[in-house]
Amino acid sequence: MLGEYWKAIAEFKRLKGYHAESGKLALSMFKLFVNYSEPGQWGTGEINAGERKQLIDWLIEAADIPGPVVEIGTLFGFSTMALCEGVHRSGVRKKIYTVDNYVWNPFGVPVYRHRMLTKHNLTFAQSLTDLVIVDSTADDFYTSFTEVPSLAFIDGDHRYESVRKDLIFFKNIGARAISGHDYNFPDVSRAVREVLGEDNLTVFNGTLFLYKAP
Ligand SMILES: C[S@@+](CC[C@H](N)C(=O)[O-])C[C@H]1O[C@@H](n2cnc3c(N)ncnc32)[C@H](O)[C@@H]1O
């Protein structure tokens, strides 16, 4: 009981420090999000409505391809819900893994709270599909994951080296399709072009990419 009290005090102090340093940015992002934005429009990280629809269509098209769907970068679960909806609507039962270590969110929500919100958001999707929420870094996940995905969706760490690592992992493991978000980020498009090439690549809206293994 006393342990919980001290934990709460420590968290309060941490948050005070956090808000003094970067709280202004988090607050302005939050205001932008609440007041003006269509989801996914203002750099708050998640896919937007058009991308969501496209992703669902790709999953329905991939119904006959066996293997689980794997996502790197859950955030609050918006793209995860699209993946679950696509699999559910395809009529084929597939496992869906979503991986995040909750290292980033646009509002500066603390890690434990971010994790809690995301799990809560995904309750309904989990009741309809075989969704596995993996609380891990992408790298740690890769050390033990051996299934061949029908589709991998990459939207985690957007730095060149990390995206490259994600793409190489899924290409080498034999993923039938590799998709991802933020192709408009130079680091992302560079890694995608280098690792996957452009021949079997489709880009939707300038942001969402899909590579189909030949
Ligand atoms: C842009 S957001 C994902 C948005 C989400 N796919 C959507 O459309 O709703 C990026 C997410 O990747 C996570 N992330 C960043 N680096 C990671 C890593 N090395 N391993 C796992 N997750 C990571 C962050 O915590 C964040 O939640």
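Every read-out reported here was derived from the displayed coordinates using simple, explicitly stated rules and does not represent laboratory data. Remember, predicted model here, so these are calculated numbers, not experimental data. Ideal geometry is used to build each Cβ from the backbone, glycine not excepted, and the neighbour counts take in all protein chains shown.
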Largest-first semi-axes in Å of the equivalent ellipsoid built from the Cα gyration tensor of the stretch 49-212 are 21, 19, 15
Under Karplus coefficients 6.51, -1.76 and 1.60, residue-wise ³J(HN,Hα) of the stretch 155-164 in Hz, glycine/proline x: 7, x, 6, 8, 6, 3, 4, 6, 4, 4
Listed by chain and number, the residues whose amide H is under 5 Å from that of residue 180, excluding neighbours fewer than 5 places away on the same chain and using placed H, are 154, 209
Could you give me the ³J(HN,Hα) list for the stretch 182-188, computed from phi with Karplus coefficients 6.51, -1.76, 1.60 and θ = phi - 60°, whole Hz, x at Gly and Pro? 6, 4, 6, 6, x, 4, 5
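Using a 10 Å cut-off on Cβ atoms, rank the peptides 130-138, 152-160, 74-82, 51-59 from the highest mean neighbour count down. Present the calculation step by step, with values, prior to reporting the outcome.
Details: 130-138: 17.1, 152-160: 22.1, 74-82: 24.2, 51-59: 20.2.
Output ranking for 130-138, 152-160, 74-82, 51-59: 74-82, 152-160, 51-59, 130-138.
Pull up the DSSP beta bridges for the stretch 78-214 and report the antiparallel fraction as a percent, rounded to 5. Walk me through the intermediate numbers first.
On the way: 8 of 17 bridges.
In the stretch 78-214, DSSP labels about 45 percent of beta bridges as antiparallel.
Longer than 21 Å from Cα to Cα, which of 119/212; 53/94; 95/119; 94/165; 95/171; 165/212 are they? Say none if no pair is. All intermediate terms of the calculation are to be shown ahead of the outcome.
On the way: 119/212 30 Å; 53/94 19 Å; 95/119 17 Å; 94/165 25 Å; 95/171 19 Å; 165/212 18 Å.
Over 21 Å Cα-Cα: 119/212; 94/165.
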